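For reference, the structure discussed in these notes is given below.
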Amino acid sequence: MYKPVFLLKKAPVELNTILISPTTTWCVAFTQERKNNIIVGSAERFWTEIVDNVERKIVNPMISLHRTEKVVQTIYKQFSVDMPIKKVLINREGYIDYRYAPSDLDIVDRRHYEIWFMSLRQLTMPLKHTQLKAAQSLLTYCDTRYYDPLVIEEIEEADE
């Protein structure tokens, strides 16, 4: 689920990417702003991105990653889904320097991305009942909007 929007307490909430594998649910945050960047993490609200010796502040991705994990945990608990949830911070084009990272966080940067991605691709397990149940429980709370392309085209033609 790429940046899903969940309807929680009648309010839409955009979450990070959620990947449901046969064995684990991954809450994924991407920090790849620019190529060859260095992301310096901290416990503060803002982290530092360094590109070509120029520093820039970015919002701490752990805030939204933690929110995503809590929402998924709550929904899984409500639907009795027993599947581990892992958090991962990814920067495939650069590096992440987060010295005091929580123990439940996987950090995947340029040095480890290929290994991590190949380990996911090599999962040869078939779809599991728990995996389908997990996906169904999350989809129950997704905010879905359908726009008929023909109607949109007619509106655009009428405006011209």
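Could you tell me which trypsin sites (Lys or Arg not before Pro) in region 62-101 are loop residues by DSSP with no more than 10 other beta carbons within 10 angstrom of their beta carbon?
Here the sparse-neighbourhood loop sites are 99.
Gaussian network model of the chain, Cα springs within a sub-10 Å range: biggest mean-square fluctuation belongs to which of 16, 36, 91?
Its mean-square fluctuation being the largest, the pick is 36.
Give the longest segment of the chain that steers clear of chymotrypsin sites (Phe, Trp or Tyr not before Pro) in DSSP loops with at most 15 neighbouring Cβ atoms within 10 Å, not counting the sites themselves.
3-78
Among 118, 83, 62, whose mean-square fluctuation peaks in a Gaussian network model of the chain (Cα, cutoff 10 Å)?
118
Please list 3J(HN,Hα) in residue order for region 102-108, calculated via the Karplus relation 6.51 cos²θ - 1.76 cosθ + 1.60 where θ = phi - 60°; whole Hz, with x for glycine and proline.
These are the phi-based 3J(HN,Hα) values: x, 5, 8, 10, 9, 10, 10 Hz.
Lys/Arg Cβ at +1, Asp/Glu Cβ at -1, dipole of the chain taken about the Cα centre: which of 61, 22, 103 is farthest positive-ward?
103
Under a 5 Å amide H to amide H cut-off, with H placed in plane at 1.01 Å, what residues pair with residue 143 once short-range neighbours are removed?
Here 5, 6, 7 satisfy the definition.
Pop the C-beta distance of residue 23 and residue 52 into the FRET formula with R0 = 45 Å and round what comes out to the nearest 0.05.
Details: r = 40 Å, r/R0 = 0.89.
That pair, residue 23 with residue 52, gives E of 0.65.
Which GluC sites (Glu not before Pro) from region 7-95 combine a DSSP loop assignment with at most 13 other Cβ atoms within 10 Å?
Taking region 7-95 and a limit of 13 other Cβ atoms within 10 Å, the loop GluC sites (Glu not before Pro) found are 44.
Taking every alpha carbon pair in the chain, what does the distance histogram look like in 10 angstrom bins from 0, in percent?
10, 32, 29, 19, 9, 1
Divide by every residue of the chain the summed helix terms, -39500 (n - 2.57) for each DSSP H run of at least 4, and state the resulting mean residue ellipticity at 222 nm, rounded to the nearest 500 deg cm²/dmol.
Rounded to the nearest 500, the figure is -10000 deg cm²/dmol.
Who wins for biggest fluctuation among 43, 29, 135 in a Gaussian network model of the chain, springs between alpha carbons below 10 Å?
43
Enumerate the amide H contacts of residue 20 below 5 Å, restricted to partners 5 or more residues apart or on another chain; note that Pro and chain-start residues carry no placed amide H.
26
At 0.36 nm per residue, minus the direct Cα-Cα distance, what do residue 80 and residue 30 gain on full extension? Give it in nm, one decimal, please.
15.1 nm
Using a 7 Å offset from the Cα along the Cα-to-Cβ direction at both residue 5 and residue 40, what is the distance between the two label points in nm, to one decimal?
Calculated label separation equals 3.7 nm.
Computing the accessible area with a 1.4 Å probe over protein heavy atoms, can you report the carbon and sulfur percentage for region 9-122?
Heavy-atom surface of region 9-122 belonging to carbon and sulfur, 1.4 Å probe: 50 percent.
Give me the dipole magnitude in Debye, nearest 20, for the chain about the Cα centre, with unit charges on the beta carbon: positive for Lys and Arg, negative for Asp and Glu.
Result for the chain is approximately 1100 debye, rounded to the nearest 20.
At 24 angstrom or more along the helix axis (alpha-carbon based) and mean Kyte-Doolittle of -1.0 or higher, what helices does the chain contain? Whole DSSP H runs only.
Membrane-span-like by this criterion, though nothing is claimed about a membrane: 61-78.
Can you tell me the accessible area per residue over the chain, all protein chains present, probe 1.4 angstrom, in square angstrom?
Result: 67 Å² per residue.
The values are calculated or read from the model by the stated rules, or taken from the named source; none is laboratory data. What you are looking at is a predicted structure, and each value in this text was computed from that prediction instead of being measured. No Cβ is skipped: glycine too gets one built from the backbone with ideal geometry, and neighbour counts run over all protein chains shown. Keep in mind that these areas ignore ligands, DNA and RNA; they rest on the heavy atoms of the full protein, side chains included. Shrake-Rupley method; radii C 1.70, N 1.55, O 1.52, S 1.80 Å.
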